[in-house]
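Down below is the structure, laid out as C-alpha cells.
The values are calculated or read from the model by the stated rules, or taken from the named source; none is laboratory data. The model shown is predicted, which means the values in this text are computed figures rather than measured ones. Backbone-built Cβ (ideal geometry, glycine too); neighbour counts: all protein chains shown.
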Amino acid sequence: MSNETPKEAEVRFTDAQVEQFRHHFANFDFKQEGAIATADLGSVLRACGQVPTEGWLKERRNVADPEHRGIVEWGNFLQIMKQCVAGGGNNDEELLEAFRRFDKGMTGVIKSAELRNILMTMGDTLTEEEASELINDADPLGEGVVSYESFAREMVYNGP
C-alpha cells in the first residue's frame, strides 16, 4: 500500500500511539504472524477509535489485500490508520456536523425514529437489527430521543 496523499505524509504517530495500535492489532493477530484477517479490519480500527463505514472498509480491504489472501499486514494497517487520521476515516467532529444538519432547533438531540431512518437509508446503511442495537445503546430508557453529541463520541471512542 503506497501512494500517500500529502495529508497522510504529514501524519506522525507517537510511540505511545503506535504501541496502542499494535496492541489492538495483536489482539486480532491470532497466528502471531504480523497480520490480521481482512474481516477483522473494522474491529481493529474501531478498537483504535475510528468509525469506518462498510463502504470505506471495503475500499481499504481491496487496497490492503490486493491479492485477496484474506489478510492485512501490520505495515498496511498503519497506512490505513494514517488515512483515518488524515481525514479519510470518520471522527467525532465529522459525525457531529452530520447530526447538526438534522437538528433544526439546535437542541442537541435527535429523535430515535429519525436516527433510525438516517442509519438505515443514508450513506453506508445499516440493517434494521444493527440500527436497533445502536439506538438501544444510545437511548437505553426508551425516551425517544438521543443526544447526538454523546452518540457520536461513543461511536468514535468505543465503536458501534
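In the range 104-144, what count of residues is obtained for those that are among the charged types (D, E, K, R) and closer than 21 Å to T53 by Cβ?
Of the range 104-144, the ones among the charged types (D, E, K, R) are 104, 111, 114, 116, 124, 128-130, 133, 137, 139, 143.
Cutting the leftovers down to closer than 21 Å to T53 by Cβ gives us 114, 116, 124, 128-130, 133, 137.
Residues that pass the stated criteria total 8.
Among residues of the range 97-124 that are without any contact (Cβ under 8 Å) to a residue 40 or more places away in the chain and over 27 Å from K58 (Cα atoms), those with a beta-carbon under 8 Å from a residue that is surrounded by 11 or more Cβ atoms within 10 Å (Cβ to Cβ) and basic (K, R) at least six positions away or on a different chain give the pairs M106/R100. Restricting attention to the range 119-155, the residues that are loosely packed, with under 13 Cβ neighbours inside 10 Å and at pLDDT 80 or above total 10. For residues that are crowded, with 20+ Cβ neighbours inside 10 Å and out of contact with any helix residue (DSSP H, G or I) (no Cβ under 6 Å at 6 or more places or on another chain), scanning just the range 44-59, find the one that is farthest from G75 (Cα to Cα). In this case the residue turns out to be W56.
Close Cβ contacts (under 7 Å, 6 or more residues apart or on different chains) running from residues in the range 46-69 that are of a type in the set (S, T, N, Q) to residues that are assigned to a helix (DSSP H, G or I) comprise Q50/C84. Take the residues in the range 96-113 that are surrounded by 14 or more Cβ atoms within 10 Å (Cβ to Cβ) and either in the same structural domain as V51 (by TED's automatic domain parsing) or assigned to a helix (DSSP H, G or I) (or both); name whichever of them is modelled with the highest pLDDT. Result: S112.
Applying the criterion of being in a helix (DSSP H, G or I) and of a type in the set (K, R) to the residues of the range 1-48, the residue that is modelled with the highest pLDDT is R22.
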